[in-house]
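Right, one structure below, let's go through it.
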Amino acid sequence: MPRSRAAHVSAIRRFLDSQTAAGLVLMAAALLALILANSPVAAGYEALLHRHLGPLSLSHWINDGLMAIFFLLVGLEIKREVLDGQLSTWSRRILPGLAALGGMVVPAIVYLGFNRGGTASGWAIPAATDIAFALAVIRLVGNRVPASLRVFLAALAIIDDLGAVAVIAAFYSTSLSPIDLGGAAAMLGVLALFNCFGVRRLTPYLLVGILLWVFMVRSGIHATIAGVLLAFTIPMARTPARPDGETDTKDSPLHRLEHILHRPVGFLIVPIFGLANAGVPVLGLPAGAWVSPVTLGVGLGLLIGKVAGVFGMTMLAIRTGLADAPAHASGAQILGTALLCGIGFTMSIFITLLAFPGDPLLQAEAKLGVVAGSLLSGVLGFLVLRRAAR
């Protein structure tokens, strides 16, 4: 295998391994949050999250501040894959793109089948896939799952994240402030100028990115979008050709920042978000919460809607010749991978907070659906993949 190809495969393997470990840490954080929310220290747990640190509560710092860094990493991954990765050509984008589209539309339809009126705003909650959780589960199956399916799942989840970012920007923004939007636009202009003049140091981008985040917080557009916009302006220019005649992008600002952020985001920021938001007071919920329209819409949207949308669109694209099937993957293995797409933990809980602001009961019902739907999807996906592998 040529050295450049071997290095690329090794980079993908390291990425998948780190996502697997991060997923396991997130599972532990979510479990701890559930224990705390249903223990004698539940009141103290809630009080701590609502304690103010400066202008914002601890919960807001986590959801608007730390998650902006999470979205910065998501944006960097999207840009890298589109420019120089698994999504760099149309032939590579077609199958995961169609699968992601089906995996967003069908769960929303399932949710709206249970919800009308005020609760309809949660339609996007079951439309997201948690890449860390999904890759952690597929990794547990071992090497019997072809590498092409892992790459397909990672590409699908990245496109899914891009769709979730677009949904948040378009449907979950509050009343807008023209002055602060102008300030945000000005910061984007400065970042664009950095690109035009070939600035390769990360410090100027990050300092202007902080100002962009401040304007976003004040503008009415959710602050985490600032992370994605900043990511799209970080350059990924190729370095000059090496003596062997090949070019390399590993030393670009984008790759450097992505390398810096991977471990803090995977092992600190996302687990903190899970610890702060996954705590559902199950013991304190009314009995009807388990079968409420929101709980059923979210849970079945993830468990049924996701697999129907992803598997259905994938097989349709393969059968009609629009795209090739993942190499060495059977239909049963594709079905198991589609089930794993129903793990929507991090992004689904994040959208829950935007869809039902200030309504603890609806938030708790939606989180209950997220936890139940994600757990069942993960277990079924794991079992199907193990059986298919045999």
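Please pick out the residue among Val137, Val145 that is touching a residue at least 12 places away in the same chain (Cβ under 8 Å), under 21 Å from Ala22 (Cα atoms) and not in a helix (DSSP H, G or I).
Going through Val137, Val145 in turn, the sole match is Val145.
Enumerate the pairs (first residue in region 338-367 and without any contact (Cβ under 8 Å) to a residue 40 or more places away in the chain and at negative phi; second residue anywhere and in a helix (DSSP H, G or I) and hydroxyl-bearing (Ser, Thr, Tyr)) with beta-carbon separation below 8 Å, excluding pairs fewer than 6 apart on the same chain, so at least 6 apart or on different chains.
Gln363/Thr352
Within region 151-172, does at least one residue satisfy the condition of being part of a helix (DSSP H, G or I), over 30 Å from Arg386 (Cβ atoms), out of contact with any Cys (no Cβ under 7 Å at 6 or more places or on another chain) and aromatic (Phe, Trp, Tyr)?
yes
For His222, work out the one condition from (1) part of a helix (DSSP H, G or I); (2) surrounded by 15 or more Cβ atoms within 10 Å (Cβ to Cβ) it doesn't fulfil.
So the condition that His222 fails would be (1).
Any idea which of Met236, Met313 is at pLDDT 95 or above and either surrounded by fewer than 17 Cβ atoms within 10 Å (Cβ to Cβ) or not hydroxyl-bearing (Ser, Thr, Tyr) (or both)?
Answer to the selection: Met313.
Which of the following residues is at pLDDT 85 or above, of a type in the set (Gly, Ala, Ser) and under 30 Å from Tyr45 (Cβ atoms): Gly198, Gly274, Gly209?
Of the residues listed, the single one that is at pLDDT 85 or above, of a type in the set (Gly, Ala, Ser) and under 30 Å from Tyr45 (Cβ atoms) is Gly274.
Give me the residue from region 45-69 that is of a type in the set (Ser, Thr, Tyr) and in a helix (DSSP H, G or I) and, out of that set, nearest to Gly209 (Cα to Cα).
Ser59
Can you find a residue in region 3-13 that is at pLDDT 90 or above, within 23 Å of Phe70 (Cβ to Cβ) and assigned to a helix (DSSP H, G or I)?
no
Name, by its number, the condition in (1) of a type in the set (A, V, I, L, M); (2) free of Cβ contacts under 8 Å to residues at least 24 places away in the same chain; (3) in contact with a Leu (Cβ under 7 Å, 6 or more places away or on another chain) that does not hold for Leu53.
Of the numbered conditions (1) of a type in the set (A, V, I, L, M); (2) free of Cβ contacts under 8 Å to residues at least 24 places away in the same chain; (3) in contact with a Leu (Cβ under 7 Å, 6 or more places away or on another chain), the odd one out for Leu53 is (3).
Give region 321-354 a look and list any residue that's among the small types (Gly, Ala, Ser), farther than 19 Å from Ala147 by Cβ and surrounded by 24 or more Cβ atoms within 10 Å (Cβ to Cβ), or say none.
The answer is Gly342, Gly344, Ser348.
The values are calculated or read from the model by the stated rules, or taken from the named source; none is laboratory data. All of these numbers come straight from a predicted model, not from anything done at the bench. With ideal geometry, Cβ positions are generated from the backbone for all residues, glycine too; neighbour counts draw on all protein chains shown.
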